[in-house]
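The values are calculated or read from the model by the stated rules, or taken from the named source; none is laboratory data. It should be emphasised that the depicted structure is a prediction, and the values quoted were computed from it without experimental measurement. All Cβ positions, even for glycine, are placed from backbone atoms using ideal geometry, and neighbour counts span all protein chains on display.
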Amino acid sequence: MQVVITGFVSGLEISLLALAFGVVYLPSRVFFLAMGGIYVAAPFLAKELSDRTGSWAFSLPVAIVSAILLSILADLGSHRPLSRRGASDGAHFVSSLGQYIFLMQVVVLIWGNDPQSFVPGVETIKTQFGGRVPLGQAISAAACIAGLAAFYAWLLLSNVGLRLRALASNPMEMQLAGQSDTRLRTVAFGLSGALCALSSLAAARNVGFDPHTGMVATVSAIVATFIGGRYSYWGPFLGGLLVGAIRAATVWSFGTRWQDVAVFLFLGCCLLLFPNGLLGHRQRVEYQP
Amino acid sequence: MNPLHLLTYFGLYATLAISLNFIVGFGRITLAHGAIYATGAYCYAIVALTVSRDLTLSVPLAVGLGVGLGALLSALASRFRGDQFVLMSLVVQTLIYEIIRNWERAGVDPVAWMNLTNGTKGLAGVPRPSIAGFSLSSPCALAILSLSFACASTLVSWILFASPFGRVLKAARDDEIAARGLGKDVCSTRRIAFGLSGGMAALAGVVYASYARYVDPSLASLDESVLILTIVLVGGAGSRLLGPLTGAFFVLAVPEVLRFVKVTGATASSVQLLLYGIALVLITHLRPRGLAGEHGIR
């Protein structure tokens, strides 16, 4: 039971981050690696503000808003000019990689390389659902579920959510219909920043944080997106849960050393058998976006 | 500043950049190059520690492994494109990294079959190389070895880029369907390019292991692949010669400039990476062809 709970919570964190990746990838096809830098910066900023003001109620929202602004800045400063010039996907990828390296090193220069934690000392542990659930894990799970529920409710029920889905489905059609894709892109990048910060803060509360977790987490999120289905908003959610489950099962059966091997082998098999992911539908090569 | 150290690393980075240029310069971005480089380094280290430090034995073995991994990547490249190929190269990179990191058993001597790579502790005390009985133990000899491998790679690259082989690669990069339509065997050409690239990267790994005398799994990490990619993209992908060499020079020049302005220690390492990050962003905006490249990032 303990393995199931740990896998589920880890899966929720990955799902949220995968959604942060997918929400940018779907409408813009930008491989948003800079998300890793935002993922690293958010908990450091929250802890710094909390240490200075003594208030989590102030520091957490400020960290999330900062992440949103950073994400929008990445779009306005780099990806939008590149898109305007008709740059290739590779150019977006390289630019985003550069942004990630820059952000991560800024965090290292300001806060150092050492791993940190929101809560010093021993974590409170409760027995729930037949397993031992540390308080940090419970808070992390609750935050992720709230974030996922809020996002999907917004996506399915709001007008902007509908337009974002339409943009992801057929960007050309949206432009022909006279809809501004630039404003929707800004919304997508902002949302990505918010989801990324929420996932990062949840993971930081659960297992702590350090400046070098950004790329690992981002790669996990990308893997989850491609496993679940990169052309669907539900794909990252499903992929994240699957990655969490595979990791937990591998840790249970073979130890922590082989969890990445299992996940990447699963990704390789998925890409061979389901090139568009588990929720992606098969289509002729010439129709693929 | 030790000029022989700089020359050795220049040769090493130049070989790596030239090798990756065979893939990135022709339209594919791979993140597995660090892993192939590490495979070459481990191959030399294991052969030198167990059998012989003679390069005539370890180099063919390392290059063979590199070519094999390159061929595997080319098989993936023929099936996957764009983001999917990047992901598949990441799969290859992660699998190699994890194999190197986890091939260990406590209580067993390093380089024994059950503890071949010695896991995260790596292999220390790798002997200096020799060629047909002549020892290459001095820094000068190692610098010459590194530069001669770089020169050989440069020569191969120079000749191939100007040959019909290079023109098919360029045609496939610009319009693969048109190149196929003209009867060009794009798949075979790309397979050879990937194989060559893997072989050269493994050769650079041999140089690294024989110079540093220590190899560990960080050589196969994603960071290493990103660094090699940075060298090629900053220098200029698709260039016959100048791009990779400029990229190698840039990567070596940054730490020296930082030392000159008295930024040292851990801060220097962070500032160095920060500058690489800025360089990548600026290159995509201001000069997509790189500092000395002939073709933009695709």
* Which condition number in (1) surrounded by fewer than 19 Cβ atoms within 10 Å (Cβ to Cβ); (2) at pLDDT 85 or above; (3) within 13 Å of another protein chain (Cβ to nearest Cβ) is the one that B:L229 fails? -> (1)
* Structure fact -> Among residues of the stretch A:226-250 being under 23 Å from B:E98 (Cα atoms) and within 14 Å of chain B (Cβ to nearest Cβ), the residue surrounded by the most Cβ atoms within 10 Å (Cβ to Cβ) is A:G239
* To do: Starting from the stretch B:72-89, take each residue that is within 7 Å of chain A (Cβ to nearest Cβ) and crowded, with 23+ Cβ neighbours inside 10 Å and list its partners that are modelled with pLDDT under 90 and not in a helix (DSSP H, G or I), counting only C-beta distances under 6 angstrom and pairs at least six apart or across chains.
  => B:M88/B:F80
* **the stretch B:239-288: number of residues that are more than 11 Å from chain A (Cβ to nearest Cβ) and in contact (Cβ under 8 Å) with a residue 40 or more places away in the chain** => 16
* Structure fact -> Among A:A20, A:A34, A:A74, the single one that is among the small types (G, A, S) and over 16 Å from B:I278 (Cα atoms) is A:A20
* Within the stretch A:38-63, count every residue that is within 18 Å of A:D210 (Cα to Cα), loosely packed, with under 13 Cβ neighbours inside 10 Å and within 23 Å of the chain's Cα centre (by Cα). => 0
* **Output for the stretch B:180-196, where each listed residue is over 17 Å from B:T30 (Cβ atoms), basic (K, R) and in a helix (DSSP H, G or I)** => B:R180
* Count, please, the residues in the stretch A:9-64 that happen to be part of a helix (DSSP H, G or I), in contact with a Leu (Cβ under 9 Å, 6 or more places away or on another chain) and of a type in the set (S, T, Y). => 5
* Go over the candidates A:S10, A:S83 one by one and state the one that is surrounded by fewer than 23 Cβ atoms within 10 Å (Cβ to Cβ), in contact with a helix residue (DSSP H, G or I) (Cβ under 9 Å, 6 or more places away or on another chain) and among the small types (G, A, S). => A:S83
* To do: Take the residues in the stretch A:208-225 that are crowded, with 24+ Cβ neighbours inside 10 Å and over 13 Å from the mean Cα position of the chain (by Cα), then tell me which one is farthest from the other protein chains (Cβ to nearest Cβ).
  => A:F209
* Asked: Residue check, A:L109 against (1) more than 9 Å from chain B (Cβ to nearest Cβ); (2) closer than 30 Å to B:S269 by Cβ; (3) surrounded by fewer than 17 Cβ atoms within 10 Å (Cβ to Cβ); (4) of a type in the set (A, V, I, L, M), all met but one. Which one?
  -> (1)
* Is it true that some residue in the stretch A:187-206 is over 13 Å from the mean Cα position of the chain (by Cα) and farther than 22 Å from A:G244 by Cα? -> yes
